[in-house]
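The next block holds one structure in the form of structure tokens; read it before the comments.
What follows is calculated from the coordinates using simple rules that are stated; it is not laboratory data. As the structure is a computational prediction, the values presented were derived from the model and not from experiment. Virtual Cβ from ideal backbone geometry, glycine too; neighbours counted across all protein chains shown.
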Amino acid sequence: MRDEYIEEYIEFVLGKYDAGNADEKLDVLMKEYYIALWGNGLEAYNMYRRTGKPSNMAPTLEPAGGNFVRSFFLPAVHVNRNANATQKELTDLVFWDDGSAKVY
């Protein structure tokens, strides 16, 4: 890639960042973070759960894709052997998630 294209892209991104309010700045930051995470879906998923950004994510292929997965099931061994444990729902919030991030 030629240096002028790289410089042009950097100027474009910094211009969008500098011109935005706090929400728009987070949107720019998260888009660049997703690009940097190419191939690392776990970190991208966690950050999307935390922020709901970038706001221009591609829609799901399934028109009625269901609820967004906020957490995963507890291991069956834990639930089956612990009489005090109950299985979680996929939509249960984890301890740090206040539910404020709007995900699709």
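Between helix 3-19 and the chain, what is the angle of the helix's C-alpha long axis to the longest principal axis, kept within 0 to 90° and rounded to the nearest 10?
The angle comes out near 70 degrees.
Looking at the range 1-91, which chymotrypsin sites (Phe, Trp or Tyr not before Pro) are in a loop (DSSP not H, G, I, E or B) and have at most 11 other Cβ atoms within 10 Å? Before the final figure, lay out each step's value.
Details: sites: TYR5, TYR9, PHE12, TYR17, TYR33, TYR34, TRP38, TYR45, TYR48, PHE68, PHE72, PHE73; in loops: TRP38, PHE68, PHE72, PHE73.
Of the chymotrypsin sites (Phe, Trp or Tyr not before Pro), the ones in loops of the range 1-91 whose Cβ has at most 11 other Cβ atoms within 10 Å are TRP38, PHE72.
Label ALA83 and TYR45 with points 7 Å out from Cα along Cα→Cβ: what is the distance between them in nm?
For the pair ALA83/TYR45, the computed spacing is 3.5 nm.
What does the extension gain come out to for SER100 and TRP38, with contour length at 0.36 nm per residue minus their alpha carbon separation?
On the way: separation 62, 0.36 × 62 = 22.32 nm, distance 2.57 nm.
Separation in residues times 0.36 nm, less the Cα-Cα distance, equals 19.7 nm.
R0 = 35 Å: FRET efficiency of ALA22 with LEU74, Cβ-based, nearest 0.05? Kindly include the intermediate steps, with their values, before the conclusion.
Values: r = 36 Å, r/R0 = 1.03.
Given R0 = 35 Å and the Cβ-Cβ separation, E is 0.45.
When the distances between all Cα atoms of the chain are binned every 10 Å from zero, what whole-number percent does each bin get?
Over the chain, the share of Cα pairs per 10 Å bin runs 12, 32, 30, 16, 7, 3, 0 percent.
Residue-wise, which Karplus ³J(HN,Hα) couplings in Hz belong to the range 40-46, taking 6.51 cos²θ - 1.76 cosθ + 1.60, θ = phi - 60°, and x for glycine or proline?
Result, rounded to whole Hz: 10, x, 5, 5, 5, 4, 4.
How large is ³J(HN,Hα), in whole Hz, for each residue of the range 79-96 in order, when computed from phi with the Karplus curve 6.51 cos²θ - 1.76 cosθ + 1.60 and θ = phi - 60°, using x for Gly and Pro?
Residue by residue, the range 79-96 yields 6, 6, 9, 10, 5, 8, 8, 10, 5, 7, 9, 5, 9, 5, 7, 7, 4, 8 Hz.
Give the cross-link partners of LYS53 among the lysines, using a straight C-alpha distance below 21 Å as the criterion and excluding same-chain residues fewer than 8 apart.
Counting by Cα, and skipping residues close in sequence, LYS53 has these lysines nearby: LYS16, LYS25, LYS31, LYS102.
Taking H as built 1.01 Å from N, whose amide H comes closer than 5 Å to the amide H of LEU74, not counting residues under 5 places away?
Those qualifying (amide H under 5 Å, at least 5 residues apart or on another chain) are LYS88.
With θ set to phi - 60° and the Karplus curve 6.51 cos²θ - 1.76 cosθ + 1.60, what are the ³J(HN,Hα) couplings of the range 25-35 in order, to the nearest whole Hz, using x for Gly and Pro?
After applying 6.51 cos²θ - 1.76 cosθ + 1.60, I find 5, 5, 4, 5, 4, 5, 4, 5, 5, 4, 4 Hz.
Per the helix-only calculation at 222 nm, which mean residue ellipticity applies to the chain, given -39500 (n - 2.57) for every DSSP H run of n ≥ 4 and division by its residues, nearest 500 deg cm²/dmol? The partial results should precede the final answer.
On the way: 4 runs with 49 residues, N = 104.
After summing the helix terms and dividing by residue count, I get -14500 deg cm²/dmol.
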